[in-house]
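Working notes, structure below.
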């Protein structure tokens with residue numbers, strides 16, 4: 001019924017199939033194997049979840065540190081802004097003081113120049129009086145060449161009071177002119 005060729009092919013096919021059937025596990029072994037695979041996958045999933053949670057905690061810590069750093073930076077920025085405003089106000093005040101002092105200095109320089117001019121004028125006048133006094137002294141010597149300066153006679157102070165005190169002398173009393 002089967003030709004020889006077909007029978008031969010059937011036998012070859014069985015030869016290939018027998019090792020495959022021998023190698024094939026029983027359904028219980030296959031189920032056990034699948035259970036182990038499922039358990040391994042669950043363990044891997046749980047480990048992956050733990051790793052993910054740890055990474056999330058690290059990310060949260062880093063974000064918290066970064067937020068604290070940002071808050072510090074903002075506080076420092078605000079402090080610097082306040083310091084800048086204070087320094088600007090101080091600079092403005094100092095500039096106003098400089099302007100006032102500059103105006104006062106200019107005023108004092110004008111006053112000093114005025115007094116220098118007055119001193120120069122007074123010096124010129126004094127020199128003129130000095131020269132005139134010297135000329136008058138020369139003229140006086142020429143007019144009175146043989147006279148000596150008169151000596152004032154020595155007088156005892158007048159006493160006229162009972163207690164022995166002296167009377168004050170009138171300094172404005174005219175004395176006799178020199179000879």
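The values are calculated or read from the model by the stated rules, or taken from the named source; none is laboratory data. Please read these numbers as outputs of a predicted model, since none were measured by experiment. Cβ placement follows ideal geometry from the backbone for every residue including glycine, while neighbour counts extend to all protein chains displayed.
A few remarks follow.
- Qualifying residue in region 130-147 (condition: touching a strand residue (DSSP E or B) at 6+ places or on another chain (Cβ under 6 Å) and either modelled with pLDDT under 95 or part of a helix (DSSP H, G or I) (or both)): no
- Residue match in region 33-41 (condition: exposed (fewer than 10 other Cβ atoms within 10 Å of the Cβ), modelled with pLDDT under 95 and at negative phi): no
- Check on residue 72, surrounded by 10 or more Cβ atoms within 10 Å (Cβ to Cβ) and either at pLDDT 95 or above or not in a helix (DSSP H, G or I) (or both): yes
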